[in-house]
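The values are calculated or read from the model by the stated rules, or taken from the named source; none is laboratory data. Here the structure is a predicted model, which is why all the values come from computation and not from measurement. Because the Cβ atoms are built from the backbone with ideal geometry, glycine has one as well, and the counts that use them run over all protein chains shown. SASA here: full protein model, heavy atoms, side chains in, ligands and nucleic acids out. Shrake-Rupley method; radii C 1.70, N 1.55, O 1.52, S 1.80 Å.
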Amino acid sequence: MLGVASRKPFLRKLKWKLSKFGISKTFSYSLIANGTSSREMGLKSYIGLRKFALKLSTAANLREIKGNSSSEASLVEKLIQIDSVEATRLRISNSKTATCTFGVPEHGWNPDTVDKGVSRNLQDGELLLAMEFIRYYWDLCKRGKLSQPGKCGPLPLQTKTCNQVLKGLVDTERGDLLLQLMREMVENGVDADVDTYTCLIDYFGRQDIKKMVEIVNEMNGKGIAPNRRTYNTLIRHLSMLSNLNSAHAIIEKMEEANLKPRGETFRILMESLVSQGRFEEAEQEFQRAVQAGVGATPEVLGGAILIYAYLSPRARMKKVFQALDASETLSRAGQNAIDKYFFALIQTQMVDDILYDLQKATTHGVFPSYTVFQCISNLFQDMTDKKASIAAFHKLHRIFQLKQTKTAK
């Protein structure tokens, strides 16, 4: 491995070569600094640098560039790509106006291509970039870049395109950006629909219940009928406020609107009550789901596991797990139900049941979270029978390897 002193001439030459390909000075200095201070870099050739670049690209969630993997051109292209992506992210996070520029889509700028671009960015986990993509289209419209002779001008975006981003902003609790996007939707002629209002209800339900009620009244005043997701969102927030009577009233309104409650509606109620320690009431909701004919759905059965993990006897929890296994719907019970089930088994130190049910779960492609695996490992470590402990560890290790393989895929 080259020492710091012997690497400096090489790194100066490398910096000059990078600058020829348009790499920013800031990025070059950062790269050189890493090279002169980190033994991990250990550069003897450009191949060593390329390996380091691959690590950077993995961290930036970039796809591999096709072509000759050993060529300098491929390496520098990758470095430029990393630099560009990071600079774009920085501009988005530090700005309130559209500052990014995007290439013209294959079929030109229109509502359909913007919708596809937003969906693609959201699939890649780039929520802010998806929002910026919408705003860039609006900016082009305002500057007249999309006007064509003899035509009435660019078409407004579809509401569903903006709703995708609104939902992401609610889930990540970016209320400032959500309200900003709502204002820009009004300014650019995008009408709000039931899904738009549902996003607002979900956001204000977490922040200001009075404002949530105002949003519901505004939606009703415009003649927009709630859908199933709207009702479920209201039920979730009302039940979390311990307002169970109001939540039941919402269910009655659903039925009046010919929207029969499904398993997910009762699951919301059950989860809310369990989180408040109201286990008997949660069990009553389970019985209500059975009476409504949706008690055998995986969503409701997953909720039942959450309840019976706290209530004795635990045999009822086992029966629910077996029912999910027999109906091959364990994968739809929810990760929190799976984790809670195995936590309950850990508390009772039922080693044989843990291993048996872990193997059952793997046949459905279901695994506990890493935290649960750690707790199971600790339980096996404390076993007095060391031979049985080692055997249990081997079985647990094989199951854990299956989980890692599935996660990698």
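LYS386: which aspartates and glutamates have alpha carbons under 16 Å from its alpha carbon, excluding same-chain residues fewer than 8 sequence positions away?
Reachable aspartates and glutamates: ASP352.
Specify whether the C-alpha gyration tensor of segment 292-409 places it in the rounded, prolate or oblate class, a ≥ b ≥ c being the square roots of the eigenvalues: rounded for a/c under 1.5, otherwise prolate if a/b is larger than b/c and oblate if not.
Values: a/c = 2.29, a/b = 1.44, b/c = 1.59.
Oblate is the answer for segment 292-409, as a/c is 1.5 or above yet b/c matches or exceeds a/b.
Once the Cβ-Cβ distance between ALA323 and VAL104 is put in as r, and R0 is 56 Å, what FRET efficiency do you end up with, to the nearest 0.05?
Approximately 0.55, to the nearest 0.05.
I want to check the label-to-label distance for HIS397 and GLN349. Put each point 7 Å from Cα in the C-beta direction and report it in nm to one decimal.
For the pair HIS397/GLN349, the computed spacing is 2.4 nm.
If you roll a 1.4 Å probe over the heavy atoms of the protein chains, what accessible area per residue do you get for segment 106-181, in Å²?
On a per-residue basis, 52 Å².
Where a Cα-Cα gap under 15 Å defines reach, which aspartates and glutamates qualify for LYS260, not counting those fewer than 8 residues away within the same chain?
The qualifying aspartates and glutamates are GLU252.
Say the cut-off is 27 Å between C-alpha atoms; which of LYS116/LYS167; LYS211/LYS340; LYS116/LYS145; LYS211/LYS253 go over it?
Correct reply: LYS211/LYS340.
What are the semi-axes of the equivalent ellipsoid of segment 344-409, taken as the square roots of 5 times the eigenvalues of the Cα gyration tensor, listed largest first and rounded to whole Å? Intermediate values should be presented prior to the final figure.
Details: eigenvalues 81, 30, 22 Å².
Each semi-axis is the square root of five times an eigenvalue, giving 20, 12, 11 Å.
Could you name the aspartates and glutamates whose alpha carbon sits less than 19 Å from that of LYS210, not counting residues in the same chain fewer than 8 places away?
Qualifying aspartates and glutamates at Cα under 19 Å: GLU173, ASP176, ASP202, GLU218.
Could you work out how far apart the two model spin labels at ARG228 and LYS160 are, taking each label as a point 7 Å from the Cα in the direction of the beta carbon, and quote it in nm?
Modelled inter-label distance: 1.6 nm.
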